[in-house]
Amino acid sequence: MRKTVFITGTSSGLGKLTAIRFAQLGWNVAATMRTPENETDLTAYDNIKIFKLDVTKVEQVQMAVEQAIAAFGKIDVVVNNAGMGTYGPLELAKEDAIDWQFAVNARGPINVIRKFLPHYRANGGGMFINISSFMGITTAVPLGSLYNMSKFALEGLTEGLYYELKPFNIELRLIEQGGSTGNNFKESITWNRDENIKDYDDLMAKLQNVMNTADTSGSLDDPQIIVDAIVALATGESKKFRTVIGAAGNDLMALRNSVQIEDYLETIAKNYM
Ligand SMILES: NC(=O)c1ccc[n+]([C@@H]2O[C@H](COP(=O)([O-])OP(=O)(O)OC[C@H]3O[C@@H](n4cnc5c(N)ncnc54)[C@H](OP(=O)(O)O)[C@@H]3O)[C@@H](O)[C@H]2O)c1
């Protein structure tokens, strides 16, 4: 019997590529997004069904989960991919930007997981693959504290759930990638700014330079490598709880694991001060 994957945030980037790959592998795909009316790529696949889903809206999550189960009967794997970034000084962040960062990257997966648990328990199992970042296990840049917070929260949620879902054969996996090509992540960043406060300008300029030169410095990964890792987890070929992808994340993790936290923080800070 065909397996089915449910994916959030399939309007662009990693989510869209993941939906296409699973469809090409013969899986049924419940591809969810905030604006299905604009979708033209995924509609070309007979085994992809598109459902409207903003992960921050609990009632919409409930509806999308019910519709996907009604359409395919059984969901085997859920990929919590939808996410966005809020960068800039915490002091300058608007209140709703702080809440939104948590709402999408942490509360969103919570909403989706909670609505799938009755289905997974009834079926005797299932898998959640949560798309985090190496920013979910280590810090890497200044002015990324809110994004770090949201992905660290996702990591804590995933690790904590391991124990309560193990008795039901419900498996949890984390993907920790770095920047990749072919997505809207940089363009959709919410920047925390205040024209009247200039004290952070130097740090902001340095961070933006790192982000703007990432395209040409060769530090972005091929997203198909990340898709490969997601598929390997879904098929059981890989059983890794955490999959760190890309040179940047692996180098940072090697450093983080080899020195004391105080030395790690100083090493990263020196790149920007
Ligand atoms: N690109 C990177 O540098 C990078 C690095 C590490 C981790 N990640 C993570 O990888 C995942 C995929 O991002 P990407 O790189 O593919 O960037 P992307 O192209 O911006 O994709 C993000 C997706 O999330 C969706 N989304 C945003 N808010 C949503 C909401 N409230 N409800 C439902 N969907 C929502 C977006 O949909 P709309 O079109 O409706 O906005 C889009 O489909 C994210 O979790 C991101 O944090 C990215």
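The values are calculated or read from the model by the stated rules, or taken from the named source; none is laboratory data. In this text the structure is predicted, and so the values were computed from the model without any measurement. Note that each Cβ is placed from the backbone with ideal geometry, even for glycine, and that neighbours are counted across all protein chains shown. Ligands, DNA and RNA are excluded from the accessible area calculation, which covers all protein heavy atoms including side chains. Shrake-Rupley method; radii C 1.70, N 1.55, O 1.52, S 1.80 Å.
Can you pull out every residue in segment 213-230 that is open to solvent by less than 20 Å² (accessible area, probe 1.4 Å) and closer than 17 Å to Ser132 by Cβ?
Result: Pro223, Ile226, Val227, Ala229, Ile230.
Taking the residues in segment 102-134 that are more than 10 Å from the ligand (Cβ to nearest atom), open to solvent by less than 10 Å² (accessible area, probe 1.4 Å) and under 13 Å from the mean Cα position of the chain (by Cα) as candidates, determine which candidate is farthest from Asn28 (Cα to Cα).
Among those that are more than 10 Å from the ligand (Cβ to nearest atom), open to solvent by less than 10 Å² (accessible area, probe 1.4 Å) and under 13 Å from the mean Cα position of the chain (by Cα), it is Ala106.
So Val244 fits all but one of (1) in a helix (DSSP H, G or I); (2) open to solvent by less than 50 Å² (accessible area, probe 1.4 Å); (3) modelled with pLDDT of 95 or more; what number is the exception?
(1)
Residues of segment 29-48 being more than 21 Å from the chain's Cα centre (by Cα) and outside any loop (DSSP other than H, G, I, E, B), which ones?
Across segment 29-48, the qualifying residues are Glu37, Asn38, Thr43, Ala44.
Residue check: is Ser188 of a type in the set (Gly, Ala, Ser), under 15 Å from the mean Cα position of the chain (by Cα) and either open to solvent by 80 Å² or more (accessible area, probe 1.4 Å) or within 26 Å of Tyr272 (Cβ to Cβ) (or both)?
Against the criterion (of a type in the set (Gly, Ala, Ser), under 15 Å from the mean Cα position of the chain (by Cα) and either open to solvent by 80 Å² or more (accessible area, probe 1.4 Å) or within 26 Å of Tyr272 (Cβ to Cβ) (or both)), Ser188 qualifies.
Pairs please, first residue from segment 209-225 and within 13 Å of Ala248 (Cβ to Cβ), second anywhere and assigned to a helix (DSSP H, G or I), Cβ atoms under 7 Å, 6+ apart in sequence or on different chains.
Here the result reads Ser219/Ala248; Leu220/Ala214, each pair linking segment 209-225 to a residue that is assigned to a helix (DSSP H, G or I).
Touching a Leu at 6+ places or on another chain (Cβ under 6 Å), within 16 Å of the ligand (Cβ to nearest atom) and under 20 Å from Leu146 (Cα atoms): is that true of Leu207 in this structure? Can you show your working first?
Working: touching a Leu at 6+ places or on another chain (Cβ under 6 Å): yes; within 16 Å of the ligand (Cβ to nearest atom): yes; under 20 Å from Leu146 (Cα atoms): yes.
Yes.
So which of Ile7, Ile20 is under 20 Å from Gln177 (Cβ atoms), within 10 Å of the ligand (Cβ to nearest atom) and open to solvent by less than 60 Å² (accessible area, probe 1.4 Å)?
Ile7
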